[in-house]
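Here it is: the structure, laid out below.
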Amino acid sequence: NIPNLKTNIFYSGIMLAAVEAVAVAVSGVLANTLGRRISIIACFWLCGISFLVTWLWHTWQPANYVFLGLGKFGISAAFNIAYLYSSELFPTSVRSTAAGLCSTAARVGGALAPLTVSLFSILGVSPMSAFGGAAIVAAILSFWLPETKDVQLTDEVDEGEETAATESDSSGIDEKKLEALG
């Protein structure tokens, strides 16, 4: 969506590439200090809120640059953490297949992303609102992921199911309150 920034396309590309390079470096530090789950949730929230603010406040161009940069930072860091996270979530017996499927899905999404801008313009929906909303939904869904930092990786699917069953209380979500809501 660089052409929509109304600036030099090369300057915008360099700026967003620099933001992504910083995000990749910072995401490793975040994942190792805060843990994978909290880090990915924070990055998805940063991306979602930044894109929604850009969508709502699109008339002031300097604010667009700042919030687009923050959104790019958030999604780049979330992608980097998700790549690490997906390899730790699955047991060793299926880890390479699962990581390959996750990587394939990410590449397909990346290939289709430029087309979504055209599709959303045809449908009359702002791409920033759609991408921001998707990031916020991803942040909310990430609350149900287990923490994998400093946890021994499982070898078999059965071990992973047992670990998930015993650690379900550590997710921070009260199942009784969740059932009362739904």
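The values are calculated or read from the model by the stated rules, or taken from the named source; none is laboratory data. Owing to the predicted nature of the structure, the values given are computational and were not obtained by experimental measurement. Cβ coordinates were reconstructed from backbone atoms using ideal geometry, including for glycine residues, and neighbour counts include every protein chain displayed. Remember, those area values only see protein heavy atoms, side chains included, never the ligands or the DNA or RNA. Shrake-Rupley method; radii C 1.70, N 1.55, O 1.52, S 1.80 Å.
As an exercise: evaluate residue 90 against (1) at pLDDT 90 or above; (2) in contact with a Gly (Cβ under 8 Å, 6 or more places away or on another chain) and give the number of the one condition it does not meet.
(1)
Quickly run through the stretch 1-19 and pick out the residues that are part of a helix (DSSP H, G or I), surrounded by fewer than 16 Cβ atoms within 10 Å (Cβ to Cβ) and of a type outside the set (Val, Ile, Thr).
Passing the criteria: 3, 4, 10, 11, 13, 17, 18.
Continuing with the same structure: In the set 80, 32, which member is in a helix (DSSP H, G or I), over 22 Å from residue 126 (Cβ atoms), open to solvent by 60 Å² or more (accessible area, probe 1.4 Å) and not aliphatic (A, V, I, L, M)? It would help to see each step written out before you state the result.
Values: 80 fails: open to solvent by 60 Å² or more (accessible area, probe 1.4 Å).
None of the other options fit; the residue is 32.
Another question about this same structure. Sort through 87, 50 and tell me the only one that's within 22 Å of residue 118 (Cα to Cα) and of a type in the set (Gly, Ala, Ser). Walk me through it before giving the result.
Details: 87 fails: within 22 Å of residue 118 (Cα to Cα).
The match here is 50.
How many residues are open to solvent by 50 Å² or more (accessible area, probe 1.4 Å) and more than 22 Å from residue 144 (Cβ to Cβ) when one looks only at the stretch 35-60?
Adding up the residues that qualify gives 6.
Of the conditions (1) out of contact with any Gly (no Cβ under 7 Å at 6 or more places or on another chain); (2) open to solvent by less than 30 Å² (accessible area, probe 1.4 Å); (3) touching a residue at least 40 places away in the same chain (Cβ under 8 Å), residue 98 fails just one. Which one is it?
(3)
Looking at the stretch 36-62 only, could you name the residues that are modelled with pLDDT under 90 and farther than 15 Å from residue 127 by Cβ?
Matches in the stretch 36-62: 57, 59, 60, 61, 62.
Take the residues in the stretch 1-25 that are touching a helix residue (DSSP H, G or I) at 6+ places or on another chain (Cβ under 6 Å) and modelled with pLDDT of 85 or more, then tell me which one is farthest from residue 86 (Cα to Cα).
The selected residue is 16.
Looking at the stretch 111-130, can you tell me whether even one residue there is over 22 Å from residue 42 (Cα atoms), open to solvent by 40 Å² or more (accessible area, probe 1.4 Å) and not in a helix (DSSP H, G or I)?
Yes, the conditions are met somewhere in the stretch 111-130.
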